[in-house]
Amino acid sequence: MASLEQLKKRLRSVELTKQLTNAMKTASSAKYSKINKLNLAYSKYANECEKLSSCVTDIERNNSVSNAKDCYLIVGYNRGLCGAYNYDLHSFSAETLQALNDFSLIVTGKNAVNYFTEKGYDFTHFETPDVPNIDSASPLLNEIYSLYASGQAPNVYVIYQSFINTMTQKPVVKKLLPFDNEEITSSDNVLWLPDKQSVNRDLHHKLFLSRAFKILIEGALGAQAATLMAMRTAVDHANDTQTKLNIEIQKKRQSAVTTSVIETSSGASNSEEV
C-alpha cells in the first residue's frame, strides 16, 4: 500500500500532467477554431469553382512516358498525442500501398514521414504547417500537377483522414486526377475567350488546386479535432485521478491523526496507572 509521501509525489506528477495537457488542449482548440474558419471561408470559393466543373475537360498530356507511375499523396500530421489519428491513417495507407505494384509516393506530415521511412518506402516529402495556407501548399500541389500534366503520373490519388465530425475521422483514398468523367463533362454552349484550350487548361489547374487544398484543410481539421479530443480526455482523466488521490491522501492523514491520538491517549493512561 502506498505511503503518504508516495501519494503526494504521484499527486504532483498528475497535477503537472494536467497542466501540460490542459495547455495542449487550449492550443488545439485555438488551432481547430482557426482551421474551421478557414474551411468555412474556403468552401465558398471551392463551391464556386465546382460550378465551373461542367465546362472542364481533361488536358492534353504525353501518354508515351516510359516510366509513368500512378502518384499517391499521403496527407499526414506533424505531431503525435492525437489519439488513433496517426495510427489509423498510417495503417490504412500501408495496407493500400501493399496492394499496388508500382507507384510514386509523396508524403506530408512529420509523423507520416517517420513512419514510411521506417517501413523502407521511397518517397518525396513536403513540409506543411498545422494550419494550412496556400503559400505553403503551392510547392506540393504544383509538383503533383506537374507530374500529371507531363504524363509522368497517369493517375493521382490522395490518402487522408476524411473529417466527419469532431469525434470521428475516417481514412479514405480518393482519386484527384484525372477528374471523374461522370462529374465533369464538356459543354458546347460556352463562349471561350481567348480560346477554349487555354481557358480549359487554366480552369483544370484551378479546379485541381481547389479540390486538393480543400483536402489539406480537411486533413488538418481532423488532426486538430483528434488532438483536442485526446487532450480533453487526458485532462478529464487527470482531474479524476487528482480527486481520488486527494481523497486517499486525506484518508491517510486522518488515519495518521487518529493513530497519533490513540497512541497519545494510551501513553497517558499507562502513565496514570504507573
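The values are calculated or read from the model by the stated rules, or taken from the named source; none is laboratory data. All of these numbers come straight from a predicted model, not from anything done at the bench. FYI the Cβ positions are ideal-geometry reconstructions off the backbone, even for glycines, and counts take in every protein chain you see.
Observations on the structure shown:
- Selection status of residue 109, over 16 Å from the mean Cα position of the chain (by Cα) and on the phi > 0 side of the Ramachandran plot: no
- Test result for residue 75, modelled with pLDDT under 95 and buried (at least 18 other Cβ atoms within 10 Å of the Cβ): no
- Scanning region 124-151 for residues that are touching a Leu at 6+ places or on another chain (Cβ under 8 Å), assigned to a loop (DSSP other than H, G, I, E, B) and crowded, with 17+ Cβ neighbours inside 10 Å returns 128, 132.
- Of all residues in region 84-93, those satisfying the criterion of being in contact (Cβ under 8 Å) with a residue 40 or more places away in the chain and surrounded by 18 or more Cβ atoms within 10 Å (Cβ to Cβ) are 85, 89, 92, 93.
- Pair list, Cβ under 7 Å, 6 or more apart: region 146-158 residue in contact (Cβ under 8 Å) with a residue 60 or more places away in the chain, other residue crowded, with 21+ Cβ neighbours inside 10 Å and in a loop (DSSP other than H, G, I, E, B): 147/153
- Pairs with Cβ under 9 Å, 6+ apart, first in region 32-47 and closer than 24 Å to residue 229 by Cβ, second assigned to a helix (DSSP H, G or I) and among the basic types (Lys, Arg): 39/214; 42/214; 43/214
- Test: residue 256 is surrounded by 20 or more Cβ atoms within 10 Å (Cβ to Cβ) and out of contact with any Gly (no Cβ under 8 Å at 6 or more places or on another chain): no
- Lone unmet requirement of (1) in contact with a Leu (Cβ under 9 Å, 6 or more places away or on another chain); (2) not in a loop (DSSP other than H, G, I, E, B) for residue 175: (1)
- Of all the criteria given as (1) over 25 Å from residue 230 (Cβ atoms); (2) part of a strand (DSSP E or B); (3) charged (D, E, K, R), the one not satisfied by residue 202 is (2).
- Of all residues in region 94-118, those that are in a loop (DSSP other than H, G, I, E, B) have Cβ atoms under 8 Å from Cβ atoms of residues that are of a type in the set (Val, Ile, Thr) and surrounded by 17 or more Cβ atoms within 10 Å (Cβ to Cβ), 6 or more apart or on another chain, in 109/74; 109/75; 109/128.
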